[in-house]
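Asker: Have a look at this one before I ask anything.
Every read-out reported here was derived from the displayed coordinates using simple, explicitly stated rules and does not represent laboratory data. Everything quoted here is computed from the prediction, not taken from an experiment. Reconstructed Cβ throughout: ideal geometry from the backbone, glycine too, with neighbour counts over all protein chains shown.
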Amino acid sequence: MTTTEPVTELLNDVKALDFTARAELFAASQEELHALARRHMAGQRERNTWQTTALLNEAYLRMCSGRGGDALDIEHFMNLTSRVMRQILVDHARLRGAAKRGGGTRRVALDSIVDEYESRTNQELVEVSAGLDRLAKQDPETVRFVQLHFFGGLTQHEAATVLGWSERTARRRWNVAKLFLLRELAQ
């Protein structure tokens, strides 16, 4: 977006329950949202039945149904949308995993998930998401960073900039998240 002023006005209208403002907000931020959806889809396996536009449309529908109406600014709106997209993919993975259930679970090293995002199985995505939900209860700021970096496709530096952190803080928080998730996945 070239200017955030119209988007800020739309966010205020959305907060005031102006339902047409939601559609205008999504239209005004269409390019950024489509890029966000592409980053989420880039890590999916080829067999995933979701397409970028379908993910964006589903996120729009979910946010119009009550989620995302309380965004404070455009960065917060994009973060909420990213979280909704992540949840859509996790829900989809759970449904696919439920259909294939019956085998034993396997332990997964966190580094292999980070390094091999494309080869992640549906169960691994569900486990990482569940671990992030537990971490959010203790440290929601670190989870925001992980979402921006890991799921949103931003570099650590870009995610740190969005959150107003130093690179050292970002590295420390990333290590905390990896250790927490490694412990959670090992259980």
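Asker: In whole Hz and in residue order, list the ³J(HN,Hα) couplings for segment 171-179 that follow from phi through the Karplus curve 6.51 cos²θ - 1.76 cosθ + 1.60, θ = phi - 60°; x for Gly and Pro.
Answerer: 4, 5, 5, 4, 5, 4, 4, 4, 5
Asker: In addition: Determine, for each peptide in 80-90, 161-171, 127-137, the mean count of other beta carbons within 10 angstrom over its residues, then list the peptides with the highest first.
Answerer: Sorting 80-90, 161-171, 127-137 by mean packing, highest first, produces 80-90, 127-137, 161-171.
Asker: Run the quick spin-label model on K178 and N57: label points 7 Å from Cα toward the beta carbon, then report their separation in nm to one decimal.
Answerer: Roughly 3.9 nm, to one decimal.
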